[in-house]
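To keep things clear, I will list the structure first and then write my remarks on it.
The values are calculated or read from the model by the stated rules, or taken from the named source; none is laboratory data. Keep in mind that what you see is a predicted model, and the values were worked out from it rather than measured. Note that we place each Cβ from the backbone using ideal geometry, even for glycine, and neighbour counts take in every protein chain shown.
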Amino acid sequence: MSVCRFLFIAFAFLLTPTIGLAATTPAAVMNKSMTTTYPNNQQLYDAYPWAAMYYYGITGKDALGSILVGNFHRWPEHIQSVEVSRTLSPDNFLRKLVNPLVGVVQLAGNFTVRNGSNESTIYEFDPYIQFRWANLPWNDYVNTSLAIGEGISYATSVPAIERNYNDRTKRLLNYLMLEATFGMPSYPRLQLVARIHHRSGAFGLYHADNSGSNVVGLGIRYLFD
């Protein structure tokens, strides 16, 4: 859990220059009227369509449904991921198709390293599409978004937890992502990310057992143009 605490500390530290220095340096005082105002809704992702993220998570033994209701028992494995994503233009066909049900649609890909006590290092690749809700009523207090992602997941070797709980699994499986992001309204481009990283056979779609692996963790994301 020390890494999780590190992410919280790093998130607070990165915000400090934005909040503190902006208020104390002579240049900031002279240009106070020119301070950038950021949108606190889905327009934030149109203004800064690119994003980069680092994520650390721990693997659980429980099924996804059990984790969603608060049950979690750790499996001796952790993952680290780096991810890049891109928000589709408001004029994109898919984004128009799902609007107004979903405000933001993004393409993403992450590179993941899995390390566990019962296995050698495994490399995982997860290209997917994200659907994000960002127009939340409390954004003036805590800038928040909720997202779900769907794609594919390829691992260079089948993770030990998937071999342990399944008779039939594969390196190529379905990828599902669930996340919530939190940021300061004064600087929403920097986000704390809480995420579930899920691989499974998707009810037989990949000719594998339905159960797979679930990882819960935290990340830091930065939005840029």
Inset, instruction - Please tell me if residue 62 is over 16 Å from the mean Cα position of the chain (by Cα), among the charged types (D, E, K, R) and closer than 23 Å to residue 202 by Cβ. - result: yes
Legend entry - Scope the stretch 157-168; condition touching an Asp or Glu at 6+ places or on another chain (Cβ under 7 Å) and crowded, with 19+ Cβ neighbours inside 10 Å; matching residues: 159, 160, 161
Inset, instruction - Would you check if there is a residue in the stretch 94-101 being surrounded by fewer than 18 Cβ atoms within 10 Å (Cβ to Cβ) and either under 25 Å from residue 154 (Cβ atoms) or in contact with a Lys or Arg (Cβ under 6 Å, 6 or more places away or on another chain) (or both)? - result: yes
Inset, instruction - Tell me, please, whether a residue that is free of Cβ contacts under 8 Å to residues at least 60 places away in the same chain, within 25 Å of residue 214 (Cβ to Cβ) and out of contact with any Leu (no Cβ under 9 Å at 6 or more places or on another chain) can be found in the stretch 59-67. - result: yes
Inset, instruction - Could you check, for the stretch 155-164, whether at least one of its residues is farther than 27 Å from residue 75 by Cα and touching a residue at least 60 places away in the same chain (Cβ under 8 Å)? - result: no
Inset, instruction - Tell me which residues, restricted to the stretch 124-156, are more than 17 Å from the chain's Cα centre (by Cα), surrounded by fewer than 15 Cβ atoms within 10 Å (Cβ to Cβ) and within 26 Å of residue 204 (Cβ to Cβ). - result: 156
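Please work out which residue is farthest from residue 177 (Cα to Cα), limiting yourself to the stretch 35-80 and to residues that are assigned to a helix (DSSP H, G or I) and small (Gly, Ala, Ser).
Within the stretch 35-80, the first condition is being assigned to a helix (DSSP H, G or I), and the residues that meet it are 43-47, 64-68.
If we keep only those that are small (Gly, Ala, Ser) as well, we get 47, 65-66.
Working: 47: 24, 65: 13, 66: 16 Å.
Of everything passing the filter in the stretch 35-80, 47 is farthest from residue 177 (Cα to Cα).
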Inset, instruction - From the list 87, 121, pick out the single residue that is over 18 Å from residue 179 (Cβ atoms), touching a Lys or Arg at 6+ places or on another chain (Cβ under 9 Å) and either modelled with pLDDT of 95 or more or crowded, with 17+ Cβ neighbours inside 10 Å (or both). - result: 121
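Within the stretch 172-194, identify whether any single residue is of a type in the set (Gly, Ala, Ser), in contact with a Cys (Cβ under 8 Å, 6 or more places away or on another chain), within 21 Å of residue 144 (Cβ to Cβ) and at pLDDT 95 or above, and answer yes or no. Spell out the reasoning first.
Pass one, the stretch 172-194, residues of a type in the set (Gly, Ala, Ser): 180, 183, 186, 194.
Now restrict to residues that are in contact with a Cys (Cβ under 8 Å, 6 or more places away or on another chain): none.
Within the stretch 172-194, none of the residues are of a type in the set (Gly, Ala, Ser), in contact with a Cys (Cβ under 8 Å, 6 or more places away or on another chain), within 21 Å of residue 144 (Cβ to Cβ) and at pLDDT 95 or above.
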Legend entry - Subset of the stretch 169-225 (residues that are of a type in the set (Ser, Thr, Tyr), surrounded by fewer than 20 Cβ atoms within 10 Å (Cβ to Cβ) and either in contact with a Pro (Cβ under 6 Å, 6 or more places away or on another chain) or under 23 Å from residue 115 (Cα atoms) (or both)): 211
